[in-house]
Amino acid sequence: MYLATTGRRPDAPPHPAGVGRRVPGTVVALGAVSLVTDVSSEMVTAVLPLYLVLGLGLSPLQFGFLDGLFNGATALVRLLGGRLADRGSGRHRTVAGAGYLLSALSRLGLLMAGGAAGGIAAALAADRLGKGVRTAPRDAMITLSAPPETLGRAFGVHRAMDTTGALLGPLVAFVVLWATADAYDAVFVVSFATGLLGVVVLGLFVPADPSAPPPRAASTRPVPSALPAAGPNAAPGPTGTAARSTADPAFRRVVAAAALLGTATVGDSFLYLLLQRGLDLSAALFPLLPLGAAACYLLLAVPAGRIADRAGRRIPFLLGHGALLAAYLTLLAPPSLPTAVLILVLLGVFYAATDGVLMALAAPALPAAGRASGLAVLQTGQALARLVGAAGFGAAWTWWGPRPALVAATLALATALTAAWRILPGRKARR
């Protein structure tokens, strides 16, 4: 795993003590928690489309709504999680731990639901409630532990470890299904046990109160973000800080751009279903599809973060959505093994250039006391937008068929990308 800065120019000024040399231990510990948790969650995600569509006979429209629920129907909980984490020192880990535990318990809900759609929806909602509660406090701990000028790299390392779990999860699901003759219940049991392990790792290795980053004056180069860094006196307390920072025009433009792009983003599960149909893959091989995207994401997460730190975070974020647009266009081509590989690579590029980079883009504008609340607002806008996008694509597939729905999604993403280019603040907005 990437921990040290490499390739530094010989004429570059020396780093101040402790700044920029290594990714903080808190970030690595949180990455380990995410790795274990993602093994658990991706085991379920890998088999869920087949379980719901082929096993239980849900229509694409029904699956679209459930997939939207799985990925976005936790907006208020995200805001609540951020608010609770900002209320006092040490609460970030407590709130995040509650979210991780709830997600682990949701696997038991899937196990007990059987084929009941209501029980499945409740279990998925519980899983997303847990993710909604934990995400903002976790990302806030990353930003509070790393200097502003290295946030891209810090998020890159965390997302690389997280994606390692995403890479291992489908493999574990594949092995479990192979060993148990396609017994989905066994997948849910193993996923539950793995999720509990993530909670244990969080309690043992993540400090309760992440140390604050060094003062910005000690940095040798400016933060390459489109947003101005928040001053220490931005607001008097958590509530006021969150309200003032999220009201900043530049931050609101980032939220608007992320939400707009989210509405034109087709859920990964739909893309994998389209690939499965085009290639006529067996049910046993379906969980392996996410591996290509996860492997590419794993390889590119840290380099993408370093590029964002050095060149600015706006352009990589937009180019990542350009890669997603290219994936949609490739899906419209005749199905073949080379095009399938290309689509998975483009998905990996998309996540490497957008996931952590978006958090690094917005975080410097948010005061420390309101960091989790501000990031929760950003994540909520994106999650709600993806809920709309997933449900809309599922409806279009049901009414028009998969190909016309994909054409509509491609046009929507191209339009949203053009608009986001204009909405996102440029580098001149730093000061």
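The values are calculated or read from the model by the stated rules, or taken from the named source; none is laboratory data. Worth saying up front: this structure is predicted, and the values here are computed from it rather than measured. We place every Cβ from the backbone using ideal geometry, glycine too, and count neighbours over all the protein chains shown.
Quick notes
- Selected residue (only one of Ala250, Ala257, Ala333 is at pLDDT below 85, of a type in the set (A, V, I, L, M, F, W, C) and more than 30 Å from Trp178 (Cβ to Cβ)): Ala250
- Residues within segment 321-368 that are under 20 Å from Leu413 (Cβ atoms), polar (S, T, N, Q) and surrounded by fewer than 19 Cβ atoms within 10 Å (Cβ to Cβ), tallied: 2
- Output for segment 365-383, where each listed residue is over 15 Å from Arg252 (Cβ atoms) and part of a helix (DSSP H, G or I): Ala368, Ala369, Arg371, Ala372, Ala383
- Hey, Val199 in contact with a Phe, Trp or Tyr (Cβ under 6 Å, 6 or more places away or on another chain), in a helix (DSSP H, G or I) and buried (at least 18 other Cβ atoms within 10 Å of the Cβ) or not: yes
- Elements of type helices (runs of 4 or more DSSP H) in segment 11-118, at least 1 residues being at pLDDT 80 or above and farther than 18 Å from Gly203 by Cβ: 25-49, 75-85, 91-113
- Filter result for the condition that a residue is touching a Phe, Trp or Tyr at 6+ places or on another chain (Cβ under 6 Å) and under 30 Å from Ile423 (Cα atoms), over Ala293, Ala301, Ala327, Ala323: Ala323
- Within segment 262-361, helices (runs of 4 or more DSSP H) holding 2 or more residues that are closer than 30 Å to Pro147 by Cβ and out of contact with any Pro (no Cβ under 8 Å at 6 or more places or on another chain): 289-311, 314-331
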